[in-house]
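A.B. asks: I'd like to ask some things about the structure below.
The values are calculated or read from the model by the stated rules, or taken from the named source; none is laboratory data. What you are looking at is a predicted structure, and each value in this text was computed from that prediction instead of being measured. Here the Cβ positions follow ideal geometry from the backbone for every residue, glycine too, while neighbour counts run over all protein chains shown. Just so you know, the surface numbers come from the protein's heavy atoms only, side chains and all, with ligands and any DNA or RNA stripped out. Shrake-Rupley method; radii C 1.70, N 1.55, O 1.52, S 1.80 Å.
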Amino acid sequence: MQLTEEHEQLRNTVTRFVETEINPYVDEWEEAELFPAHEVFAKLGALGLLGIKYDPDCGGLGLDFSYSMVMAEALGNVHCGGVPMAIGVQTDMCTPALNRFGTDELKQEWLTPSIAGEMVGCIGVSEAGGGSDVAAIRTTATVDGGDYVINGSKMWITNGLQADWCCLLANTGEGAVHKNKSLIIVPLNAKGVERQKIHKIGMHASDTAQLFFDNVRVPRRNLIGQEGMGFTMQMMQFQEERLWVAASSLLALDRLIDLTIEYTRERRTFGRPILDNQVVHFRLAELRTEVEALRALTWRAVDEYVGGKDVTKTASMAKLKSGRLYREVADSCLQYWGGMGFTADNPISRAYRDGRIASIGGGADEIMLGIISKLEGTLPAG
Ligand SMILES: Cc1cc2nc3c(=O)[nH]c(=O)nc-3n(C[C@H](O)[C@H](O)[C@H](O)COP(=O)(O)OP(=O)(O)OC[C@H]3O[C@@H](n4cnc5c(N)ncnc54)[C@H](O)[C@@H]3O)c2cc1C
């Protein structure tokens, strides 16, 4: 994809923001297992960075999806995975369906303040009973007069402790599992909502919560699009999420390789720099090549998406490859750092922990392989 001067300006703006407003605080936020989402989002909102691809009527910049991916890529400069992921949830995971299918009234109430950075959103799909099989979710939203009454729970919800609202996938009917679901905006200060923190091995700065809904009443106008179309809309929304995951991994992976070159050039064994061993510089050269291949695949998918094509296959491939490559790069780099790589306060060990989620969240590797196989026509029937 041919990036323009405008793309580069945006990249510089995001990179400057990362250097001044995020990286100096990352260690503190990692330690606290929380970053101040409202504070950071207000600053991002003031720069227009939470609504790059959204309509100016809602406070967005009105640019195409490729600009949002430039931001995702630039967020790879953040010195942890948790803060970019939390931002990505707001820009590319919990808002695409609301923007595309929500009524003007709903968008003004929830999207506009989220673009301004006055509200934090989250996406509620996964449940304790399972995340891979989205059609099997159990949470229900039952019509009662002018309201939906919501019962159930959601698991692993990024931003869940701090979010003002959730884009919730719930069963609104009894019919076929792909046609009985709806996406509903649920204010998380509503009566009957409870949140519980989940502790993780990585992504510490990002808060993750289990959300419980006990007879939570939400007006029916909070429905996004048509009732029963929630599964389909969520599958569409996943395309942007998966491209975001791939784009945001690129510079993060480059940085791991850069840091490892720097470290192994200084560190000596048997009278010479570790980097001078062919097994080491060849491995790093190979990994750099893989990152470039992922970059090409990701931007090809973005280009096609901007052109209006269905990118389910290429987006799934990019997501799969980024998860797999994150594990490979982090593991190889950690090896060359020796014992230092195994310490807790090390950029490589942090990436080793943080990057592991890329093969699980937003559809595990095996789910991506299933989608690719289906589109290849190689999945057995039934
Ligand atoms: C840090 C973090 C943040 C997250 N943020 C969010 C969020 O904001 N919102 C949200 O809704 N969810 C979120 N998730 C949930 C995430 O999307 C799920 O964890 C993921 O979809 C996998 O679901 P599961 O954990 O229930 O695993 P399961 O569905 O129980 O699957 C377990 C494993 O089994 C394997 N597997 C599953 N199905 C198959 C198959 N058909 N063939 C072969 N192997 C298979 C896979 O390896 C998979 O990892 C987050 C998760 C984490 C850890």
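A.B. asks: What Kirkwood radius, in Å to one decimal, follows from the Cα pairs of the range 5-120?
C.D. replies: Values: mean 1/r = 0.0703 Å⁻¹.
Hydrodynamic radius (Kirkwood, Cα only) of the range 5-120 equals 14.2 Å.
A.B. asks: Inverting the mean 1/r over all pairs of different Cα atoms, compute the Kirkwood radius of the chain and quote it in Å. Numbers along the way, then the final one.
C.D. replies: Numbers: mean 1/r = 0.0468 Å⁻¹.
Taking the inverse mean of 1/r over all distinct Cα pairs, the chain comes out at 21.4 Å.
A.B. asks: Sequence-distant or interchain residues sharing an amide H contact under 5 Å with GLY124, placed H: which?
C.D. replies: CYS167, LEU168, LEU169
A.B. asks: While we're looking at this one, here's another question. Under 21 Å Cα to Cα from LYS200, which lysines show up? Leave out anything in the same chain fewer than 8 places away.
C.D. replies: Within the straight-line limit of under 21 Å, LYS200 reaches these lysines: LYS154.
A.B. asks: So for the chain, taking the charge dipole from beta-carbon charges (+1 Lys/Arg, -1 Asp/Glu), which of ALA97, SER359, VAL40 sits furthest toward the positive end?
C.D. replies: It is SER359, whose Cα lies furthest towards the positive end.
A.B. asks: Could you give the size of the charge dipole of the chain about its Cα centre, using +1 on the Cβ of each K and R and -1 on the Cβ of each D and E, expressed in debye and rounded to the nearest 20?
C.D. replies: On the way: 37 positive and 50 negative charges, 172 e Å.
With Lys and Arg at +1 and Asp and Glu at -1, about 820 debye.
A.B. asks: Further question: Calculate, for the chain, the solvent-accessible area per residue in square angstrom, rolling a 1.4 angstrom probe over the heavy atoms of the protein chains.
C.D. replies: Working: 16730 Å² over 382 residues.
Dividing the accessible area of the chain by its residue count gives 44 Å².
A.B. asks: Amide H neighbours of TYR148 under 5 Å, counting only residues 5+ apart in sequence or on other chains, H built in-plane at 1.01 Å?
C.D. replies: VAL218, ARG220
A.B. asks: Accessible area, 1.4 Å probe, largest first: how do ILE52, ILE357 sort?
C.D. replies: Values: ILE52 5, ILE357 65 Å².
Greatest to least solvent exposure: ILE357, ILE52.
A.B. asks: Mind listing the phi-derived Karplus ³J(HN,Hα) values for the range 170-186, rounded to whole Hz, using 6.51, -1.76 and 1.60 with θ = phi - 60°, and x for any glycine or proline?
C.D. replies: With the stated coefficients, the range 170-186 comes to 9, 7, 10, x, 9, x, 4, 5, 8, 10, 10, 10, 9, 9, 9, 7, 10 Hz.
A.B. asks: If you don't mind, there's one more thing I want to ask. Based solely on C-alpha atoms, express the radius of gyration and the Dmax of the range 201-351 in angstrom.
C.D. replies: 20.8, 72
A.B. asks: Could you give log10 I(q)/I(0) at q = 0.13, 0.14, 0.16 Å⁻¹ for the range 122-227, computed by the Debye formula over C-alpha point scatterers of equal weight, without solvent?
C.D. replies: After summing over all Cα pairs, the log10 values are -0.43, -0.50, -0.64.
A.B. asks: Sort TYR54, TYR25, TYR336 by accessible area with a 1.4 Å probe, largest first.
C.D. replies: Numbers: TYR54 5, TYR25 90, TYR336 45 Å².
The ordering from most to least exposed comes out as TYR25, TYR336, TYR54.
A.B. asks: Regarding the range 306-378, what's the average projected area of the Cα-atom convex hull, expressed in nm²?
C.D. replies: Taking the Cα atoms of the range 306-378, their convex hull projects to 6.1 nm² on average.
A.B. asks: Please determine, in degrees from 0 to 90 and to the nearest 10, the orientation of helix 37-46 with respect to the longest principal axis defined by the Cα atoms of the chain, where the helix direction is its Cα long axis.
C.D. replies: Orientation of helix 37-46: about 90 degrees from the principal axis.
A.B. asks: Which value at 222 nm does the chain reach when only helices count, each DSSP H run of 4 or more adding -39,500 (n - 2.57), with the total divided by all residues and rounded to the nearest 500 deg cm²/dmol?
C.D. replies: Numbers: 13 runs with 173 residues, N = 382.
Theoretical 222 nm ellipticity from helices: -14500 deg cm²/dmol.
A.B. asks: If you fit an axis through the alpha-carbon atoms of helix 365-376 and take the longest principal axis of the Cα set of the chain, what angle between them do you get, 0 to 90°, nearest 10?
C.D. replies: In the chain, helix 365-376 runs at an angle near 80 degrees to the longest axis.
A.B. asks: Related question: Please report, in debye to the nearest 20, how large the charge dipole of the range 231-382 is about its Cα centre when each Lys and Arg carries +1 at its beta carbon and each Asp and Glu carries -1 there. The partial results should precede the final answer.
C.D. replies: Values: 20 positive and 20 negative charges, 46 e Å.
Using only the charged Cβ atoms, the result is roughly 220 debye.
A.B. asks: Check ARG267: other-chain or 5+ apart residues with amide H under 5 Å from its amide H, H built from backbone geometry?
C.D. replies: Amide H to amide H, under 5 Å and 5 or more residues apart or across chains, ARG267 pairs with ILE274.
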